[in-house]
Amino acid sequence: MRVNRNLLNFSRLIHVYVSMALLSLMIFFSITGITLNHPEWFADDQATVEEADFVVNPELLLPSTQGQLLDVLLKQQHLNGNRLSIERSDDELFISDKGPGRYLSLTIDLASGEAFKEATDYGYWALFNDLHKGRNSGGFWRFIIDLSAVLMIVFSITGFILALAQRRINRTMAASIITTIAMVIIYWLWV
């Protein structure tokens with residue numbers, strides 16, 4: 001197939017620079033893809049749990065002072081400030097703080113101000129796997145995942161354009177495309 005020379009030159013340039021940008025991301029997502037498929041490899045890794053008791057000023061436990069309470073808990077390092085969730089009942093306030101590879105919960109008695117903190121760190125592999133999935137990782141990491149996906153699409157399209165100009169691999173490329181489409185159809189029909 002005949003491809004415009006300007007399109008080929010542009011595709012080659014984009015393909016090279018996008019591949020350089022993707023190198024570390026592709027390695028990261030490839031390794032964590034394997035670790036996600038084989039959690040049994042890390043069955044011996046034990047999570048570390050830290051527990052603590054402390055007292056909160058009862059004036060901060062009113063619904064109207066909830067923002068001040070969170071500020072105080074963050075300053076005193078009782079919270080990490082990742083993905084906070086707050087539930088209030090008649091006698092208790094429950095705060096969860098989720099981050100990649102970590103989970104923290106606070107239970108505060110509304111009458112006495114007594115608080116119980118439990119922080120669980122699941123380790124580095126859980127952190128990496130949560131980053132791979134984008135779980136509890138925040139807006140910046142979601143942007144990185146989206147950027148990675150866009151760059152992979154650009155990388156694939158420019159590589160396909162470059163392959164179109166190679167006459168000797170057109171049959172191989174056609175066989176590859178047909179095989180891929182057949183596998184997708186088979187998967188869609190039987191799974």
Point to revise | Inter-centroid distance (Cα atoms) of region 119-175 relative to region 14-74, Å | key: 21 Å
**Study point:** Three-way shape call for the chain based on the alpha-carbon gyration tensor, with the a/c threshold at 1.5
**Key:** prolate
Practice item. Using only Cα atoms, find the angle between the long axis of helix 66-75 and the longest principal axis of the chain, and express it within 0 to 90 degrees, rounded to the nearest 10. Key: 80 degrees
Review point. Points 7 angstrom from Cα along the Cβ direction at residue 109 and residue 157: gap in nanometres?
Key: 6.2 nm
Check your understanding: Want the number for residue 38 to residue 23: 0.36 nm per residue separation, take away the alpha-carbon distance, what's left?
Key -> 3.1 nm
Review point. Residue separation times 0.36 nm, minus the C-alpha to C-alpha distance between residue 118 and residue 166: what's the value?
Key: 11.3 nm
Review point. Loop-only check: which trypsin sites (Lys or Arg not before Pro) in region 1-65 are DSSP coil with at most 12 other Cβ within 10 angstrom?
Key: 2
Review point. How do 94-103, 68-77 rank on mean C-beta neighbours within 10 Å, highest first?
Key: 94-103, 68-77
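Readers should treat all values here as calculations from the given coordinates under stated rules, not as data from a laboratory. Small disclaimer: the values here were computed from a predicted structure and weren't measured. Virtual Cβ from ideal backbone geometry, glycine too; neighbours counted across all protein chains shown.
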